[in-house]
Structures are given as C-alpha cells and as structure tokens.
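Worksheet: one structure, shown below.
None of the figures in this text is laboratory data; all of them are computed from the coordinates on show. All values derive from a computational prediction rather than experimental measurement. Cβ sites come from the backbone with ideal geometry, for glycine too, and all protein chains shown count toward neighbours.
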Amino acid sequence: MKQNDKIVIIGGGLSGLTLAYLLSKKNISATILEASTRLGGRIETIKGKNKTPLVLGATWFSTIHSNLISLLDDLELKKFPQFSKGKSLFQTKSFEPPQEFYTPETETPSYRIAGGTQHLIDTISEKLDSEQIKLKRKVISVKETDHQLIVESSNGEKFMADTVILCLPPQLVGSHMTFSPELPKPILTILPTIQTWMAGSIKFVLEYSEPFWRQNGYSGMLYSHSGIISEMYDHTNFEANKFGFTGFLNGGASNYTKAYRKELVLRQLIELFGNNATTPLAYYDKIWSDEFILDDNQPIHQPHQNNGHQVLQESYMNGKLLFSGTESNPEFPGYMEGAILSAKRICKKILA
C-alpha cells in the first residue's frame, strides 16, 4: 500500500478493532465505521448492581487460542480459569432428580478475561485515536470509482477509501449492503448461507450477593434437557468477590417475555439449589438476533456453515475490497481466535 492510502474498516467488533490496532502499530491509521451505538459486536459486558462484570456475549477460550492469549499479553490483560470445582448437575427429564458429576481438574480449563470480555474491546479502543471510530454509521453501499471506493452510510455520509475491509457477519453484507459494480455471482450466492455464530442464541446472567452454590459444594455448572436453562456456569469475577451465573436458555425461550424467562430461570434454580436462589441482585438476558447480528431469512442447516469459505479469502473491486471477521477465517471460525486470526491475515495483506 502507499503511505497516504485511506483505509476504511466496516464493523467495530473484535476483528475490526484488532485490525485497526495492528495497523496503528505500523503507524497506519484506519477509520472504523460501526452501525450500532457501541463497539464490540458479539462481545458485550454489563455491570450488575454490585458492579459484577456480567458477560452477555463471547466469554470463554482455551490454551489452543494462542493468538487471543498473545493479544491479551500484549495489552497486559489477565485471564483466569473458569471455576469448575465441586458437584455439577445434569438434568435429563423433569420428573427425574438431577444427576451429579465432577469435572476432573486435570482437564485443560476454559479461561475468561478479568473484568469481562468487554475489557478487551475497551482496552483496544483506548489505544486508537477516538477520531478513527465512528458509531451509528450503518454502511449501505460501496461504489467503485476510477481509483477509490466510496462508502456511504444510511445517514448519507460518504467516506473515500483506497481499501475497504468488511469486518461484520458476511450474511449482513449480502442483505444490508449494495455494491457497484455488483460483486461476482459466486460470492453473492454464498453470503446468505454463511452462518453467523451465536445468532439466535439467548445468553443470560444472574448476579448474587453470595456464592451459595460454592458454599454448598457445587460448581455452578448445569446442563439440562428439561428446564429453560440449557447450560449454566459459575460467573464469579477474577477477584472472587462478586458472584453470579451465566449460561444459555433453550431456543424456545425467545417466545417468552423477559419477565417470564426470569421467572422460569429462578424456578429452575430454586429446585436445584433451594431458596438461596430466590432473590438475585440482578437478572439480564440477551437474544442475539438484532439487526447488527442476524438476517431474518437464513438458509442455515449446520453449525459454522460456510465459515471460512474460499470466496471470503479473495479480494474484490480490483483488490480494494476485502473480507475479515471471525466467520471469514478458515481456522477457529465463530470464535474470538478466528476474529484475531482474520485481522492478522488482512493486516499482512495490506502491508504487503
């Protein structure tokens, strides 16, 4: 690339921010256009009433995710193992008592980021010039001129770029954006069929004043085929002084009101842990199906469908348009590791 080339990154999730950060380390500035009112994409952490970091989006990783761990080390962020000590529970049928099991401590643990996964997003964004980041800029079109691309947002604002990187779910590229000239048919055919990881998932978090489950010898880990909670884990913070649960609700729960989902969650927890579970400090949940994540009409038949597809590795518009984002990466697609690997791949292309 030439020294004064303008770079526009569409999407302010982990991939887009990591790419901007990697470029900034080479003294290259990029403009990030994010459609929503916040950065992070599928990474979102909120604070409970007791300031417990409650993670509603991407949470866990392991030692095989070496690029994520290297980034955390570079940013001087801490990781800590997911708590799993004690009795875990498995509910098979509603009329049978839950089965108890133990997770061997010798197994490779899952890790979490101290302060919540949002701490990673916030730390990267603080390394960038605030002028680089533009929120509420939903891109609707990319048009090629003689030598540049014109990126237009829904409010009519236009940005000139020598290189544009699409760091958002590929499905949304196909349904929410137009291109002139039109992208080749092979990629237009594939875009609607690329699964967006976590799309449609329902993540919930609970905050408690005391870790009553730990005090009674439970790990907080639950798997269920019979209740509204399908998976649950201890969500105590890094310092072990703020407490809670996190996990996933079954897919049918999206048809209920939030109040009814909370009622069913507490009913299930009271059955398992007794009256200590009755009064959480806070309950939140999130259905990952908003306009920034999911296209309504998804012909998706299998997990990670078409993630890392070859058409996402190609460049378009005479080399000026590139795909990044976790679904575009052949390795670890859908995970934070995939987002970082895709950013590294694109950074290398830009610097070549």
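Assuming 0.36 nm per residue, please report the length gained on full extension of the stretch Phe212 to Lys47 beyond their Cα-Cα distance.
57.4 nm
What is the distance, in nm, between label points placed 7 Å from the Cα along the Cα-to-Cβ direction at Glu314 and at Glu96?
A separation of 5.1 nm, rounded to one decimal place.
Could you list the residues of the range 165-183 with an amide nitrogen less than 16 Å from a label point located 7 Å from the Cα of Asp5 in the Cα-to-C-beta direction?
Zone members listed by number: 165-166.
Between Thr178 and Thr257, with labels modelled 7 Å along Cα→Cβ, what's the label distance in nm to one decimal, could you check?
In this crude spin-label approximation the distance works out to 4.1 nm.
If one takes the longest principal axis of the Cα atoms in the chain, at what angle in degrees, from 0 to 90 and to the nearest 10, does the Cα axis of helix 336-351 lie?
For 336-351 against the chain, the angle is about 20 degrees.
Dipole of the chain (Lys/Arg Cβ +1, Asp/Glu Cβ -1, origin at the Cα centre): which of Tyr283, Tyr223, Met317 lies farthest to the positive side?
Result: Tyr283.
Please give every one of the lysines within straight-line cross-link reach of Lys344, meaning a C-alpha to C-alpha distance under 18 Å, and leave out same-chain neighbours fewer than 8 residues apart.
Leaving aside lysines fewer than 8 places away in the same chain, those within reach of Lys344 are Lys25, Lys26, Lys127, Lys320.
Specify the angular offset, from 0 to 90 degrees and rounded to the nearest 10, of the alpha carbon long axis of helix 14-24 from the longest principal axis of the alpha carbons in the chain.
It is inclined by approximately 50 degrees.
To two decimal places, what compactness ratio does the range 124-179 give when its Cα radius of gyration is scaled by 2.2 N^0.38 Å?
It is 1.21.
Just grab the label-to-label distance for Glu331 and Thr189, each label 7 Å out from Cα along the Cβ direction, in nm (one decimal).
Each label point lies 7 Å from its Cα, and together they span 3.0 nm.
What percent of all Cα-Cα pairs in the chain falls into each 20 Å bin, going from 0 up to the bin containing the maximum distance?
Over the chain, the share of Cα pairs per 20 Å bin runs 29, 53, 17, 1 percent.
Give me a comma-separated list of calculated 3J(HN,Hα) values for the range 201-218, in order, Karplus coefficients 6.51, -1.76, 1.60 applied at θ = phi - 60°, integers in Hz, x for any Gly or Pro.
Each residue of the range 201-218 in turn: 5, 10, 9, 10, 9, 10, 10, 10, 7, 9, x, 4, 5, 4, 5, 9, x, 9 Hz.
May I ask you to order 55-61, 131-137, 167-173 by the average number of other C-beta atoms within 10 Å around their residues, highest value first?
My ranking of the peptides, most packed first, is 167-173, 55-61, 131-137.
Take the Cβ-Cβ distance between Asp74 and Ser130 as r, set R0 to 25 Å, and report the resulting FRET efficiency rounded to the nearest 0.05.
That pair, Asp74 with Ser130, gives E of 0.75.
Can you give me the relative contact order of the range 298-352 as a percent, contacts being Cα pairs under 8 Å and 6 or more apart?
27 percent
Contour minus end-to-end for Glu105 and Lys143, with contour as 0.36 nm per residue of separation and end-to-end as the Cα-Cα distance?
8.2 nm
Rounded, prolate or oblate: which fits the range 17-65 when a ≥ b ≥ c are the square roots of the eigenvalues of the alpha-carbon gyration tensor, with rounded for a/c under 1.5 and prolate only if a/b beats b/c?
Note, shape of the range 17-65 comes out oblate.
Normalising by the residue count of the chain, find the relative contact order in percent from Cα pairs under 8 Å and 6+ residues apart.
Averaging sequence separation for qualifying contacts and normalising by length gives 22 percent for the chain.
Any chance you could check the Cα centroid distance between the range 89-130 and the range 170-203 for me, in angstrom?
29 Å
Sequence gap at least 6, Cα distance under 8 Å: using those rules, report the relative contact order of the range 1-89 to the nearest whole percent.
So the answer I get is 19 percent.
How much FRET efficiency would the formula 1/(1 + (r/R0)^6) give for Lys87 and Glu239, where r is the Cβ-Cβ distance and R0 is 25 Å, rounded to 0.05?
0.55
Grab the DSSP H runs of the chain that are 4 residues or longer, score each as -39,500 (n - 2.57), total them, divide by all residues and round the 222 nm result to the nearest 500 deg cm²/dmol.
Dividing the helical sum by the residues of the chain leaves -6500 deg cm²/dmol.
Can you tell me the orientation of helix 118-127 relative to the chain, as the angle in degrees between its alpha-carbon axis and the longest Cα principal axis, to the nearest 10?
Approximately 30 degrees, to the nearest 10.
Where a ≥ b ≥ c are the square roots of the eigenvalues of the C-alpha gyration tensor, would you call the range 1-99 rounded, which needs a/c under 1.5, or, failing that, prolate if a/b is larger than b/c, or oblate?
prolate
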